[in-house]
1. If you check Lys308, Lys298, Lys312, which single one turns out to be farther than 20 Å from Ala381 by Cβ, open to solvent by 20 Å² or more (accessible area, probe 1.4 Å), in contact with a strand residue (DSSP E or B) (Cβ under 7 Å, 6 or more places away or on another chain) and outside any strand (DSSP E or B)?
2. Just one of Phe97, Phe86 is hydrophobic (A, V, I, L, M, F, W, C), over 15 Å from Ser66 (Cα atoms) and surrounded by 12 or more Cβ atoms within 10 Å (Cβ to Cβ); which is it?
3. Select from the stretch 498-529 the residues that are in a loop (DSSP other than H, G, I, E, B), touching a strand residue (DSSP E or B) at 6+ places or on another chain (Cβ under 6 Å) and modelled with pLDDT of 55 or more and list them in ascending order.
4. Just checking, which of Val482, Val493, Val473 is at pLDDT below 75 and over 30 Å from Met397 (Cα atoms)?
5. Looking at the structure I just gave you, is Leu394 touching an Asp or Glu at 6+ places or on another chain (Cβ under 8 Å) and open to solvent by 10 Å² or more (accessible area, probe 1.4 Å)?
6. Quick one: which of Val57, Val74, Val45, Val67 is β-branched (Val, Ile, Thr), open to solvent by less than 30 Å² (accessible area, probe 1.4 Å) and farther than 29 Å from Tyr510 by Cβ?
7. How about the stretch 215-243: which of its residues are at pLDDT 85 or above, open to solvent by 80 Å² or more (accessible area, probe 1.4 Å) and not aliphatic (A, V, I, L, M)?
8. When you scan the stretch 316-334, do you find a residue that is of a type outside the set (D, E, K, R), without any contact (Cβ under 8 Å) to a residue 40 or more places away in the chain and on the phi < 0 side of the Ramachandran plot, even just one?
Amino acid sequence: SIYEMFGNECCLSTGDVIKVIGFKINKLIASICENNEVSPFSAKVELPLNFPGLYKVVADKTPYVSVEEITRKVSIGPTRFGHPCFYSPEDIKLANFTIKRGEQITFHSVEEVAGAVAVNCGVVRNNRSHSFSLPLSQEGKFYECEDEQIYTLKEIAEWKIPKCRNRTVKLSNTLHTRDCSNPLPENFGGCLVLMPIYEVQAVMKFRKDIVHILSDLDIEVKDITDCYDISSFLQPLSLEDVFERTSKEFPMAAEIMEGPSGSQKPYNSLHTGKEIVIYKKYQATRVLASEIRSDSPKRHFLIPLSYKGKFKRRPREFPTAYDLEIARSEKEQLHVVATKAFDSPHKELFSVSVGDQFLVQQCQTSEVFYEGRKKVIDVLACEQILSDTYRRVLLPMYMEGGFVEVVHDKKQHQLSGICREFRLPFNVKVSVRDLSVDEDVLAATPGLQLEEEITDSYLLVSSPSNPAESWEVPVYRLNMSVHLLGRDVQAAVPPATKTVVEEISEEQYYMVRRYENQTLHPPPRPPKKPS
């Protein structure tokens, strides 16, 4: 018989046939670094993969000696995480391209080219991308590049821990957690060396779920792959695997092998063993929004453009004159009140007092005297509102002050109209709740900042017996495995898509923002104040 404890198989019978479908890091043993070094006396703590926090990966100082070693030990795949970067301390001469020493080489995918396995790579030179292939036989010293991206522990475990190597990470941002049992030292800001503890993922005959076997389970096994019909086993597919199928393969009937964890509506009915119909894959626009509140943690939402509630505007706050320039719009004049005083070091520029009101005009340049010489700096032209007139003034773009918007617009707005007419981020409060749903989670919030529009990937799923019962399943935020039933779907017409407001965790919020922003160039930094 098979026994299970805490979700893992603890006993397997002699003669059981197991098809191994993958390896997964179950947990991490973290050594706490002192002065970025690990000693035999370093404290060790056990961290679950959902341990809150965002981390930076520290580049491994030990080089890889060939492209083949990199493909064997480093995860290379189709997602954003699967594109590791390396550099060579020497030039690499290819048939029609030379990689310069120190140049960042991005590994995109492993493919068979002209009968030989090679890695599709790219470098960016003078803002132009150059693509080429590196054969597995290419030798040399390949060092990891510094990675400025931030990751959750789960992402690091899945993508950023090479086989046969440990991984050093540095805590970048602590996420809020209600759990007080934090194993790390108080106010910890150092490095951790992560050692993975694996589990084996497998399928077995006569079972319709995925079996999890800890790697330290004391059993002996024999490899019978070459003499066994492995097609008799179920083939689990993740939501990402399903999404990568061609559109012609939809709709498809499937059975859930592993349902999503937790009981968040509306996904709590997608349980293990349930049969579903997957009608189509698609991408849809969502607006990322966060609660406006002074205390933490804030709640975060993904709102579909079809949301039927209405909003009224709320004042925005701007910490610098540079932020006023970013928020400036051609459609309406930005009216602000100063909440912090500022003394200008230049007589040509205006000194601000608390309560001063301005209409923001445009960005321009102005000559100022600095250390006895003329200097041209960026300034923001504004009109100061006086009791019975206006005065044209110039504010230095580097000015660190504080401004609050004066809202004259009393109209109620639909979400789609806000995205069309105004520049995000944009502050609002629900004035009329969405009456098409039983519970509008946005209506109870004190205020919302609509931060940015994002594009997300979804599968439209329904119950075969009740097509009207449908779910819009986010591909990259819901952990779920299915196997295809291989039968024709009777109702080929997809049901109406029921879009809902999705509340996401703080960890998912940082992931969504990072995905969306990584293809965009960051805005220029505000000018620095002269020393």
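1. Values: Lys308 fails: in contact with a strand residue (DSSP E or B) (Cβ under 7 Å, 6 or more places away or on another chain); Lys312 fails: outside any strand (DSSP E or B).
Result: Lys298 is the single residue among Lys308, Lys298, Lys312 that is farther than 20 Å from Ala381 by Cβ, open to solvent by 20 Å² or more (accessible area, probe 1.4 Å), in contact with a strand residue (DSSP E or B) (Cβ under 7 Å, 6 or more places away or on another chain) and outside any strand (DSSP E or B).
2. On the way: Phe86 fails: over 15 Å from Ser66 (Cα atoms).
Unique residue meeting the criteria: Phe97.
3. Taking the stretch 498-529 and keeping what is in a loop (DSSP other than H, G, I, E, B), we get 498-501, 505, 518-529.
From what's left, touching a strand residue (DSSP E or B) at 6+ places or on another chain (Cβ under 6 Å): 498-499, 501, 526-527.
Within the stretch 498-529, Lys498, Thr499, Val501 meet the criteria.
4. On the way: Val482 fails: at pLDDT below 75; Val473 fails: at pLDDT below 75.
Matching residue, one of Val482, Val493, Val473: Val493.
5. Values: touching an Asp or Glu at 6+ places or on another chain (Cβ under 8 Å): yes; open to solvent by 10 Å² or more (accessible area, probe 1.4 Å): yes.
Yes.
6. Working: Val57 fails: farther than 29 Å from Tyr510 by Cβ; Val74 fails: farther than 29 Å from Tyr510 by Cβ; Val45 fails: farther than 29 Å from Tyr510 by Cβ.
Sole residue among the options that is β-branched (Val, Ile, Thr), open to solvent by less than 30 Å² (accessible area, probe 1.4 Å) and farther than 29 Å from Tyr510 by Cβ: Val67.
7. Glu220, Lys222, Asp223, Thr225, Asp226, Cys227
8. Applying the first criterion (of a type outside the set (D, E, K, R)) to the stretch 316-334 yields 318-322, 324, 326-327, 329, 333-334.
Of the ones still in play, those that are also without any contact (Cβ under 8 Å) to a residue 40 or more places away in the chain are 333.
If we keep only those that are on the phi < 0 side of the Ramachandran plot too, we end up with 333.
Yes, the stretch 316-334 contains at least one residue that is of a type outside the set (D, E, K, R), without any contact (Cβ under 8 Å) to a residue 40 or more places away in the chain and on the phi < 0 side of the Ramachandran plot.
The values are calculated or read from the model by the stated rules, or taken from the named source; none is laboratory data. These figures come from a predicted structure and were not determined experimentally. Methodologically, a virtual Cβ is constructed for each residue, glycine included, from the backbone with ideal geometry; neighbour enumeration extends over all protein chains shown. We work out accessible area using only protein heavy atoms, side chains counted, and drop any ligands, DNA or RNA first. Shrake-Rupley method; radii C 1.70, N 1.55, O 1.52, S 1.80 Å.
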